[in-house]
Amino acid sequence: HNSSDTHLDYASITLGGLQPYTGYTVRVRCGVANHFWRWSEWSEARTIRTTESTPSGTLDIWREIIPVQGGRNVTLFWKQAPSFRANGRNISYEVTWKKVEDGSKPESISFSSVYNSTRISIDNHSYRISIMAKNNVNCSLPSVLIIPTATGFVQENDSLFCSFLGTEELKEEQVNGTDDGIFISWEPRHIYDSYIIDWCNYPMLQPCDVQWKRFGPDTSSALINSAAFVLGVRYNFHIYGSVANRASLLEKKTGYLKELPPLHDPTVEKVELTSNAVTLSWDYHLKNESGFVRGYHVYVSPVQEDCSLKGSKKHVLPDGAVLCKYTIENPEEKRYTVKHLLPNTKYKLVVKAYTGAGETPIVSFRYIDTPFNSNTLYLLVLLVIVPSLVAAICRWKMKWVKECCCPVIPSPNKSKALSFKEFKTGSEKVLKISDCIPDMLAVDSKAEAQKL
């Protein structure tokens with residue numbers, strides 16, 4: 001600041017445009033009136049501080065609402081916006097809340113500057129909440145939030161009741177991370193004067209550290225970044241539209257800065273075996289993973305050889321072993337049947353989950369033994385055992401079978417009746433009557449006798 005006032009023995013000057021309660025360093029030097037280019041040395045520097053003033057700007061405030069029996073717990077958060085200036089020492093914060101519907105007396109509580117959140121309990125009515133910063137001079141302008149009436153809660157003729165009207169649950173949409181952060185977009189609505197995105201930098205903490213950012217009415221996307229974001233951690237984002245200090249949840253997003261392979265393998269809970277197939281059932285918690293689970297891979301191979309099952313893809317392990325690979329692309333599907341197995345064979349198998357970053361290496365297997373094929377056993381019984389049994393029985397009862405099926409017809413030449421030597425006529429032997437004792441005697445007719 002230059003001053004050309006030379007009529008005072010002791011010159012003074014008033015400097016305007018300074019910030020309240022701010023330290024400044026001041027130096028002065030003098031010039032010659034008739035020779036404006038000649039200046040003295042600078043004086044010694046002197047430090048001054050301006051006086052306190054009312055805090056300027058407003059606080060940036062947000063809330064988290066948790067329904068409880070008979071009402072709600074509201075956690076309030078506040079931080080100094082870029083345009084906010086404390087303008088003094090001994091800053092404190094004052095939180096005030098009251099019902100919107102009636103003229104009830106407001107409640108308030110104060111906090112020192114080391115606090116940036118508090119929790120209050122309210123009923124199901126609509127509430128107006130304001131937070132101000134306060135120094136030794138005065139309070140800042142209040143930042144206001146309207147907590148709407150609880151969903152399903154109705155006031156009618158001064159009698160209160162819950163109407164149990166359900167609201168449609170918003171579905172979480174998956175978002176992708178980049179090298180610079182997680183990209184969030186939403187559908188803009190012209191009725192809102194601003195948008196708010198909230199999330200937790202450390203979602204595993206309970207309660208988590210709520211973070212939020214505000215955006216203008218013409219914004220429909222944002223890149224959310226934080227030094228606290230790490231790979232393989234899922235972050236949940238809620239997008240709100242705000243009008244007249246009332247915020248409404250519009251969309252939900254969930255995503256990773258970068259996905260990693262799953263931390264755990266699915267737990268196979270049930271194995272159903274037949275001679276040529278195995279059905280596997282497993283359990284898996286999708287939300288506790290380091291990436292979005294896209295599906296599952298089932299690997300199968302005989303223990304003693306490589307695999308080449310019909311309908312599978314070849315998968316080669318680092319040691320050169322070949323597995324049969326089956327892909328289940330639905331992460332909700334947790335059952336699969338591997339067909340075309342050989343009976344009475346030992347197999348090794350494993351179930352792996354995969355994310356956008358792939359899956360972890362295979363380090364262990366589960367072993368199964370397919371049972372013997374019962375149809376083959378029946379065929380063996382029919383073709384081998386039954387004929388062998390029949391043959392054994394026939395050999396054991398050969399004489400009986402021979403007499404039943406092929407009885408021996410006696411030859412007259414071998415009869416003892418013709419074994420005598422007394423009479424012979426030519427080449428024929430003649431039976432001597434006296435040697436034959438008849439058992440029965442029959443008298444033929446005369447004609448037959450004469451003929452004989």
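Filtering region 13-43 to residues that are aliphatic (A, V, I, L, M) and not in a strand (DSSP E or B) leaves I13, L15, L18, V28, V32, A33. P106: without any contact (Cβ under 8 Å) to a residue 12 or more places away in the chain and surrounded by 12 or more Cβ atoms within 10 Å (Cβ to Cβ), yes or no? Taking the combined requirement at face value, the residue satisfies it. Scanning region 247-293 for residues that are over 18 Å from W199 (Cβ atoms), in contact with a Gly (Cβ under 9 Å, 6 or more places away or on another chain) and charged (D, E, K, R) yields a total of 1. Close Cβ contacts (under 8 Å, 6 or more residues apart or on different chains) running from residues in region 333-355 that are assigned by the TED database to the domain that holds F365 and over 16 Å from P371 (Cβ atoms) to residues that are of a type in the set (K, R) and in a loop (DSSP other than H, G, I, E, B) comprise Y354/R294; T355/R294. Looking only at residues that are under 41 Å from the mean Cα position of the chain (by Cα) and of a type in the set (V, I, T) in region 59-95, which one is most open to solvent (accessible area, probe 1.4 Å)? Among residues in region 59-95 that are under 41 Å from the mean Cα position of the chain (by Cα) and of a type in the set (V, I, T), the one most open to solvent (accessible area, probe 1.4 Å) is I66. Within region 109-126, the residues that satisfy the criterion of being hydrophobic (A, V, I, L, M, F, W, C) and open to solvent by less than 40 Å² (accessible area, probe 1.4 Å) are F111, I120, I122. The set of residues in region 340-375 being surrounded by fewer than 16 Cβ atoms within 10 Å (Cβ to Cβ) and assigned to a strand (DSSP E or B) consists of K346, G358, R366, Y367, D369. Of all residues in region 203-217, none are touching a Gly at 6+ places or on another chain (Cβ under 6 Å) and in a strand (DSSP E or B). Inside region 154-173, residues that are touching a strand residue (DSSP E or B) at 6+ places or on another chain (Cβ under 6 Å) and either assigned by the TED database to the domain that holds V95 or modelled with pLDDT of 85 or more (or both) make up a count of 3. The set of residues in region 267-289 being in contact with a Phe, Trp or Tyr (Cβ under 9 Å, 6 or more places away or on another chain) and under 12 Å from K339 (Cα atoms) consists of S275, V278, T279, L280. Scanning region 205-223 finds no residues that are open to solvent by 100 Å² or more (accessible area, probe 1.4 Å), over 20 Å from D60 (Cβ atoms) and in contact (Cβ under 8 Å) with a residue 40 or more places away in the chain.
The values are calculated or read from the model by the stated rules, or taken from the named source; none is laboratory data. Here the structure is a predicted model, which is why all the values come from computation and not from measurement. Cβ atoms come from the backbone with ideal geometry, glycine included; neighbour counts cover every protein chain shown. Surface areas here come from the heavy atoms of the whole protein model, side chains and all, with no ligands, DNA or RNA. Shrake-Rupley method; radii C 1.70, N 1.55, O 1.52, S 1.80 Å.
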